[in-house]
Amino acid sequence: MAAENDRLIFNFNTPESGKIWVSVNDNVMGGVSEGRFKITQDKTLFFSGSLSLENNGGFASIRCIPAQLGLKKNDSIYFEAKGDGREYTMNLYTNKRLTAFSYRQSFQTKNNQWVEISLPFEKFIATSFGKVIPKAEPIDPNDIESIGFMIGDKKPGAFQVEFKEIKAKSK
C-alpha cells in the first residue's frame with residue numbers, strides 16, 4: 001500500500017499521548033486481571049499486566065476515549081506490534097450505545113519481534129460480552145469513535161505488547 005494513502009490515527013510521541021487512553025479490565029464484572037499502559041521513551045504504547053481466570057474473569061484491555069477518527073469504508077487499521085507471542089484483539093467501538101458491544105479482530109504477536117499488522121474493516125466481527133452477534137450490521141467506519149486492544153486468550157499469566165503509531169491505510 002502506498003504511503004500517500006496512510007493517515008495517522010494515533011502516535012505516541014509525548015507522555016501526554018497517554019492521556020486519551022484508559023484501562024478497562026475484567027474487574028468491571030468481578031475478575032482480578034490487571035492491565036495497564038504507558039507511553040515509553042521509544043514513543044510506543046506499552047500495554048502489560050497479568051491475565052487471571054479467577055472470579056469468572058479473563059480479559060484486560062485499553063481503549064482510547066471517544067473521538068472522531070476520520071475512518072473510511074476502504075480503510076484497514078495498520079500498526080506495528082512487538083509482543084510476547086500471544087494473541088491479542090483490536091476492538092472498534094461505535095457511537096451506537098449498545099452494552100458491551102464492539103467489532104473485533106484478533107492478531108498474533110511474535111515473541112520480542114516487531115510485526116506489521118493490517119486489519120481490514122470487512123474482517124471485524126460484531127460481538128457483545130465476547131459473544132459473536134450473528135446477522136449484525138457490518139461496521140460503518142463513520143460510526144467508529146474508539147479503538148482498543150484486549151487480551152482474553154484464556155491463558156493466565158503475565159502479558160506485554162507494545163505498539164508504534166496507528167494508521168488508517170486506504171486500499
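Read-outs: derived from the displayed coordinates by stated rules, not from any lab. Small disclaimer: the values here were computed from a predicted structure and weren't measured. All Cβ positions, even for glycine, are placed from backbone atoms using ideal geometry, and neighbour counts span all protein chains on display.
A few comments on the model shown:
- Cα gyration tensor shape of the stretch 62-113, rounded if a/c is under 1.5, else prolate or oblate by comparing a/b with b/c: prolate
- Selection from 46, 139, 78, by position along the positive dipole direction of the chain (Cβ): 139
- Subset of 73/154; 131/154; 19/154; 19/82 violating a 24 Å alpha-carbon distance limit: 73/154; 19/154
- Between residue 16 and residue 154, the simple label model (points 7 Å from Cα in the Cβ direction) yields a spacing of 4.5 nm.
- Theoretical FRET efficiency, 1/(1+(r/R0)^6), r = Cβ-Cβ of residue 171 and residue 54, R0 35 Å, to 0.05: 0.20
- Applied to the stretch 134-145, the Karplus parametrisation 6.51 cos²θ - 1.76 cosθ + 1.60 on θ = phi - 60° returns per-residue 3J(HN,Hα) values of x, 6, 6, 4, x, 5, 9, x, 5, 8, 6, 10 Hz, with x for Gly and Pro.
- Gain on full extension, evaluated as 0.36 nm per residue between residue 112 and residue 98 minus their Cα-Cα distance, stands at 1.4 nm.
- Oblate is the label for the chain. Its Cα gyration tensor axes, ordered a ≥ b ≥ c, give a/c of at least 1.5 and b/c at or above a/b.
- Taking 0.36 nm per residue of separation and subtracting the current Cα-Cα distance, fully stretching the chain between residue 137 and residue 8 would add 43.8 nm.
- A cut-off of 5 Å between modelled amide H atoms, ignoring neighbours fewer than 5 places along the same chain, links residue 86 with 109.
- A simple count of charges around residue 46, restricted to other residues whose Cβ falls under 10 Å of its Cβ and scoring Lys, Arg +1 and Asp, Glu -1, yields +1.
- Taking a Cβ cut-off of under 11 Å around residue 111, the surrounding Lys, Arg, Asp and Glu residues balance to a net charge of +2, with basic ones at +1 and acidic ones at -1.
- The HN-Hα couplings worked out from phi for the stretch 7-12 by the Karplus form 6.51 cos²θ - 1.76 cosθ + 1.60 (θ = phi - 60°) are 10, 5, 9, 9, 10, 10 Hz, whole numbers, x standing for Gly and Pro.
- Dipole magnitude of the stretch 1-70, debye to nearest 20 (Cβ charges: Lys/Arg +1, Asp/Glu -1, about Cα centre): 160
- Cα gyration tensor shape of the stretch 108-171, rounded if a/c is under 1.5, else prolate or oblate by comparing a/b with b/c: oblate
- Per-residue Karplus couplings for the stretch 148-155, computed as 6.51 cos²θ - 1.76 cosθ + 1.60 with θ equal to phi - 60°, are listed in order as x, 10, 9, 10, x, 8, 6, 10 Hz, Gly and Pro entered as x.
- Label zone (residue 128, point 7 Å along Cα-to-C-beta; backbone nitrogen cut-off 18 Å) within the stretch 74-98: 92-98.
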